[in-house]
Amino acid sequence: MTSIYGLSLDDLKEYFVSIGLKPFRATQVYEWIYRKGIRSFDEITNIKKDVIESLKKDFSLDLLEVVTHQQATDGTHKFLFKLFDGNLIETVLMHHPYGYSACVTSELGCNMSCAFCASGMKKCIRGLTAAEVVLQLMSVEHEVGVKITHVVVMGIGEPFDNYDNIMKFLHIINNPHGLEIGARHISVSTSGIVPRILDYANEDIQSNLAISLHAPNNEIRSQIMPVNKAYPLEKLIPAIKEYIARTNRRVTIEYILLEGVNNSEKNALELAHLLKGMNVYVNLIPYNEVKEKPFVQSTREHTQKFFDTLKKCKINVTQRYEYGADIDAACGQLRSKHME
Ligand code: SAH
């Protein structure tokens with residue numbers, strides 16, 4: 001049965017019109033679904049019984065089945081969910097001083113094959129539907145009993161490889177009659193699929209963009225991120241500039257520090273040169289070691305030097321704190337558990 005969570009408000013309005021009702025009825029139902037979090041259509045009190053019956057016949061309100069729910073010492077939650085087709089995905093919930101943010105999975109596996117990442121060890125078998133991504137939020141809110149205020153599309157998968165479903169997801173969660181998650185509180189991260197960066201600039205939603213850059217030059221980037229062969233820096237950087245020019249929004253540049261690979265002072269200077277004059281800020285991410293991978297975390301000393309060098313070059317830079325590392329919930333540690 002069709003999950004109700006895959007419908008935009010416009011889709012639901014169309015459905016209501018198709019059964020001979022006024023579109024504003026759809027808005028009322030949307031509010032019951034997302035504001036009141038109903039678990040059965042029978043809970044709706046301001047709609048006629050026969051309409052409720054047709055909703056029950058045509059749509060499901062089922063949440064995802066929780067296979068495991070782990071909580072880290074820092075309060076981070078990690079869920080292993082079972083999708084309706086039996087595939088398993090992971091979702092992370094982090095508690096910040098400013099609210100709760102969820103890190104959602106966008107695909108079953110990932111085809112980007114980044115050399116350092118655990119999520120890419122299983123190839124992508126399909127993109128998630130918009131409903132499956134919305135359901136991650138609904139299911140986490142239901143399990144933990146909190147309101148998610150921020151969303152990052154930084155779990156397993158390449159969101160721009162599943163572009164249409166992810167855009168639909170963004171519109172559903174941003175809707176003021178629905179979860180109403182502010183666009184400025186939503187970030188989508190990409191490994192650098194250039195044509196989709198330009199498409200994203202034209203979307204009518206003000207959500208943020210993050211780029212997994214991780215290297216200051218093509219030589220290093222192609223070694224650790226095969227996507228760089230299709231979209232090297234001479235294509236990626238102008239696309240980011242174009243995105244900034246069209247949207248007027250600051251872009252986050254994610255940079256994992258890998259000891260002896262991309263964390264020298266020379267690399268920091270190269271990075272500063274590459275990003276000079278751009279409206280970006282660099283988020284330095286500690287590498288979370290993955291046992292099958294040869295990379296190690298940058299030493300404290302090299303990390304500090306890298307940070308200071310960027311600062312000296314007037315690049316906006318912050319260091320990301322890692323969440324949930326003790327339950328393998330940190331960046332790049334999520335694994336897809338689907339069957340081959
Ligand atoms: N495919 C998208 C979305 C994934 S976001 C993208 O590449 O942006 C997950 C982030 O964690 C990416 O920046 C990714 O490069 C980073 N990452 C992957 N493995 C990591 C690891 N072991 N430690 C720290 N960050 C990692």
Which of (1) open to solvent by 10 Å² or more (accessible area, probe 1.4 Å); (2) in contact with a Gly (Cβ under 8 Å, 6 or more places away or on another chain); (3) within 14 Å of the ligand (Cβ to nearest atom) does Met121 not meet, given it meets every other one?
(2)
Residues satisfying the stated conditions in segment 161-172, i.e. surrounded by 24 or more Cβ atoms within 10 Å (Cβ to Cβ) and within 12 Å of the ligand (Cβ to nearest atom)
Ile166
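Restricting attention to segment 270-282, report how many residues are basic (Lys, Arg) and within 15 Å of the ligand (Cβ to nearest atom).
We begin by selecting, within segment 270-282, every residue basic (Lys, Arg); these are 276.
Still in the running and within 15 Å of the ligand (Cβ to nearest atom): none.
Looking only at that region, the number is 0.
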Residue hits (segment 283-329; of a type in the set (Val, Ile, Thr) and within 12 Å of the ligand (Cβ to nearest atom)) are Ile285, Val290, Val296
Give me the helices (runs of 4 or more DSSP H) completely within segment 181-234, filtered to those with at least 3 residues that are open to solvent by less than 20 Å² (accessible area, probe 1.4 Å) and farther than 21 Å from Leu257 by Cα, ordered by residue number.
194-201
Among the residues of segment 282-301, how many are surrounded by 16 or more Cβ atoms within 10 Å (Cβ to Cβ) and outside any loop (DSSP other than H, G, I, E, B)?
6
For Met1, the lone unmet condition from (1) surrounded by 13 or more Cβ atoms within 10 Å (Cβ to Cβ); (2) modelled with pLDDT under 95; (3) hydrophobic (A, V, I, L, M, F, W, C) is (1)
Exactly one of these conditions fails for Leu137: (1) in a loop (DSSP other than H, G, I, E, B); (2) under 21 Å from Val29 (Cα atoms). Give me its number.
(1)
Being touching a Lys or Arg at 6+ places or on another chain (Cβ under 9 Å), away from the ligand (no atom under 13 Å from the Cβ) and within 19 Å of Ser189 (Cα to Cα) is the filter here, so list the residues in segment 92-118 that pass it.
Leu93, Tyr100, Leu108
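Take the residues in segment 84-118 that are aromatic (Phe, Trp, Tyr) and assigned to a loop (DSSP other than H, G, I, E, B), then tell me which one is most open to solvent (accessible area, probe 1.4 Å). Before you say what the answer is, go through the steps one by one.
To start, the set of residues in segment 84-118 that are aromatic (Phe, Trp, Tyr) comprises 84, 98, 100, 116.
Subset that is assigned to a loop (DSSP other than H, G, I, E, B): 84, 98, 116.
Numbers: Phe84: 120, Tyr98: 137, Phe116: 15 Å².
By that ranking, first place goes to Tyr98.
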Filtering segment 140-160 down to residues that are away from the ligand (no atom under 14 Å from the Cβ) and in a helix (DSSP H, G or I), which residue is surrounded by the fewest Cβ atoms within 10 Å (Cβ to Cβ)?
His142
Among the numbered conditions (1) farther than 25 Å from Glu203 by Cβ; (2) free of Cβ contacts under 8 Å to residues at least 40 places away in the same chain; (3) part of a helix (DSSP H, G or I), tell me where Lys123 comes up short.
(3)
Can you tell me which of Glu289, Glu301 is free of Cβ contacts under 8 Å to residues at least 24 places away in the same chain and within 21 Å of Met154 (Cβ to Cβ)?
Glu289
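The values are calculated or read from the model by the stated rules, or taken from the named source; none is laboratory data. All of these numbers come straight from a predicted model, not from anything done at the bench. Cβ atoms come from the backbone with ideal geometry, glycine included; neighbour counts cover every protein chain shown. All accessible areas refer to the heavy atoms of the entire protein, side chains included, with ligands and DNA or RNA removed. Shrake-Rupley method; radii C 1.70, N 1.55, O 1.52, S 1.80 Å.
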